[in-house]
Each structure stands twice: as C-alpha cells, then as structure tokens.
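Notes to accompany the following structure.
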Amino acid sequence: MNTVNDLQIDQDVGQPSPDLVREALARVVSSEEFQASPRLQQFLTYVVEETIAGRGPQIRGKAIAVEVYGRRIDGSGGQNLVRVEARRLRRLLREYYDDHWDGTGVQIFVDPGGYKPRFSYEAPPEDRTEIVRTRKGAARRSWRALLFGFGALASVAGLGIWLGWERNESMPTSNSREQAERAALGEQSLTRLQASNLADQARGMFFPVFDAERQRIALGMFQHATELDPALSDGYAGSAQVLATLALLSPDEAQREDLIGQASKMSGQALELSPTDAWANAANGWVLAVSGRSNDALKYARISIELTPMDGHVLDLVGITAIVANAPELAAQVSNPERPRTGSGRFGARNIWGVSQLMLGNYQSVVEAFQGAPAAGAPVSAPSLLFQAVAQNKLGNSESARQLVTEMRKTWPEFPYEFLTNRIFPNAGATRNSIFEILEVY
C-alpha cells in the first residue's frame, strides 16, 4: 500500500494554492474510482469548495445531507447517511491515491471524525531547490524587517486604525456584500441559501471549458440546486451555461441539438424567474452564441455586464460569448488584465484575453498572455498551446511554433483540434485559417 495515505493528521505539510487544489479535485472526481459515484463526486467537491471559501469549520453533516443528498433540513436520518458516505469517500480516496499518487502535487484528505478536508502539497523535484533558496532569503529579510518593524509599529497603529475605519465606512468590500446577501437569503429560507451556495461552488468550475467531465460534475451540482429551490434562478442559469458548453463540445449533431434545446429551456426559466439577473442574461447570451444567433447573443451579453460590470464569472461568460460571436473587441474589454473583478473560483480571463488578442492580430500580447497562464493559475489546455503556436508563427518564430505544436500533440494526442476550431471560431475566418495553417505545416 502507498504509505502516503497514512499521513499523520497533525503533520506539517505544504499548503497548496486554491487553483492547485481545484486541479487535484478535478483529477480525483473524474477518475475511474469515482465515475460510478456521482454523489461522492459532489460530496468531495462540496467540502473542498467550502474549505477553499473559508467555511471549512462550518461544514456539518446536516449541511451535507441537505446540500448534497437533498434531505430535509429537519430530518434526522440524513446525518447517518452522511457518516456512511464519508467512510465510502475515504475508502475511494485511499484507492485513488494508492493507484495514482506519484509523490508530487496535491493530496486531499478527509480524516475520520469530521468532514473538513485538508490538503498536502509536495513540489516537483525541480521546484524544491528554488523553494529552499527563497525561504532562506525570506528568513533573512524577515529578521531585518522585524527590527525595523517594532520601531515603526507604534507610530502607524493609530493611523492604520483610522484608515481601516474610513475604508469600512465608505467602501464595503465585496466579501461583506456577499455575506449580507447570504444573510438575507438565510432569513428567507435556509434551503434557498443552501441552493445558492451550491450553485456558487459549481460556478467556479466553469474553466477549463474543454474539460467535459468537469462540466458534467458542475451540471449535477446546478441540477441539485434547482431541486433544492426551484424558484432560484442560479441553478437554471448554471445548467444553461454547462448544457450549452457540452453542446459546443459534442460532435454528434442530434445530441448537440438536444443539448441546445435543454440549455434554451434552462436559460428561459432563469430569465423568467429573474429577468434582471446578470448571470441569467449572460448564460442566455452564451446559449444563443452556441446556437449561432450571434446578434441576439451579444445583446444579452452587453445587458449582463451593464447589470454587474465587475462579476468575474459573468465577465468570463460574456468573453467566451464574444469570441464565438466574432466580437473580439468586446472579449478584450471584459477580459482586460487591468479590469477589476469580484468572485471566487477559477477565472478564464487571461485565456480569453489571449484569444481576443489573437483575433485582433496582437500576437505579442497572445504570447505574453498564454506564457503567463500557468504561473497565474489560469487554465492550461491544448488550445492554449495551439494559440501560442499561431502567434509565434506570425511573429516569425517558426521553431518556437513547431515546439509548441509538438508538445501539444504529445500531451493531447486525441484532442479534436479542427472540429473545435470550427466551433469556437465559426464566424472568424481569418483566425480559423491561421490555426488550420499551423496544424497543416507542423
């Protein structure tokens, strides 16, 4: 047996970033071990996302029973079910890591006696030397800063308190607004609050867009949110965006039409329940873009950013809608690295920015966007390497383009490049032709 699964609960281990944890989560729930257990996929996703959001200490068996298994909030049998399911979850996690753990990356643990997960992180060997060097340098700087800091602390304490008070009075943070919104929902209905929480967690799983398994997991969570509260638009909006994405990825035309039909129904329901909700409008725009109705899609996309100009997930939906609808200027506007955005989870803004710059012919910006994606925790996929290759080729760096295409084909040998190029750029002939040229030459 792999002894890494016997890691002591109180052992001091490296703490990974939320993006690394989400990547590890996606690998676990899409694995063979978890394929036959969609509820355990949702169970693990729920507790991980709650912990990332800072609500780990509040994870309780009753909340899992309601939010994952749809039990009544006043029921007593749900918690017994959760205890049984938690034992199954721990067993499947052990089996997964016994078979797949290679000694590096993130591991997810759900220890007996509770449901809050913990995470360990072991850096790849090539990164460890740099980590040690950085820590030593930081320690030396910390001692110097400490001596200076004690002297300065007294003089800035009063000013800091005053500035903090002023900021809280004049500029409430997005977190405080979100907390107020959730408190208001809780006053209305705890079930509605739970449905909203579940939809918000699934919302952060939209990227990478081309990961169909990840999309299906998110769809299950959105559908469960609608089961919990059929009057809340969030679950319908989320279901619409995922169904439209699956339609975009489907090579079977009959299945594609069926998925678009389902997506249209869900987005219509979301708008009926909440016609001024930005997410509902953005999801409807995405459905229309995938359906080939570009002008209508852009109308709803623009409405959504007028309603909430800083919501990161809405901006991402608008960005990919604009790309498919051949409106790269709008895609660049909403994904601009300088644009402030709110929300939690993984954003696709950097990649959307890179694609918009490719469509606009700003090839150096394309290279910079995609080369910086891994360090920023942005999604990395076969298309991101392909878009870099096109940009490098346009800049005259043919050898770099060749290396990118070689790496892409080696890492994702089955990826349907031509098919998805036609789906992503149905109205952008010049961009589409540049991609086909690269695929043909290299």
Exercise for the section: Enter the accessible area per residue of the stretch 220-273 (Å², integer; probe 1.4 Å; all protein chains in place). Expected result: 38 Å²
Exercise for the section: Describe numerically, in nm with one decimal, the distance between label points set 7 Å from Cα along Cα→Cβ at Ser31 and at Arg402. Expected result: 3.9 nm
Problem - Surface accessible to a 1.4 Å probe, Asp102 within the full protein complex, Å² - result: 120 Å²
Fill in the blank from the handout: Applying the gyration tensor rule to the Cα atoms of the stretch 17-103 (axes a ≥ b ≥ c; rounded if a/c under 1.5, else prolate if a/b exceeds b/c, else oblate), the class is oblate
Practice task
With a 1.4 Å probe and every protein chain left in place, tell me how much accessible area Lys265 has, in Å² to the nearest 10.
Solution key: 150 Å²
Practice task
At 7 Å along the Cα-to-beta-carbon direction for both Asp296 and Phe436, put a label point, then send me their distance in nm to one decimal.
Solution key: 2.8 nm
Practice task
Between Thr342 and Glu272, with labels modelled 7 Å along Cα→Cβ, what's the label distance in nm to one decimal, could you check?
Solution key: 3.0 nm
Handout entry: Under 18 Å from the Trp412 label point (7 Å along Cα→beta-carbon), backbone N, the stretch 223-248
Key = 245-248
Practice task
Take the Cβ-Cβ distance between Arg83 and Ala231 as r, set R0 to 45 Å, and report the resulting FRET efficiency rounded to the nearest 0.05.
Solution key: 0.90
Exercise for the section: Provide the gained length on full extension for the span Thr104 to Arg90, in nm with one decimal, where the gain is 0.36 nm per separating residue minus the Cα-Cα distance. Expected result: 3.0 nm
Exercise for the section: Using a/c under 1.5 as the rounded threshold, could you call the stretch 383-431 rounded, prolate or oblate? The axes a ≥ b ≥ c are square roots of the C-alpha gyration tensor eigenvalues, and prolate needs a/b larger than b/c, oblate otherwise. Expected result: oblate
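The values are calculated or read from the model by the stated rules, or taken from the named source; none is laboratory data. Model, not experiment: these values are computed from the prediction. Here the Cβ is made from the backbone with ideal geometry for all residues, glycine too, and neighbour counts use every protein chain on show. Only protein heavy atoms, including side chains, enter the accessible area calculation; ligands, DNA and RNA are left aside. Shrake-Rupley method; radii C 1.70, N 1.55, O 1.52, S 1.80 Å.
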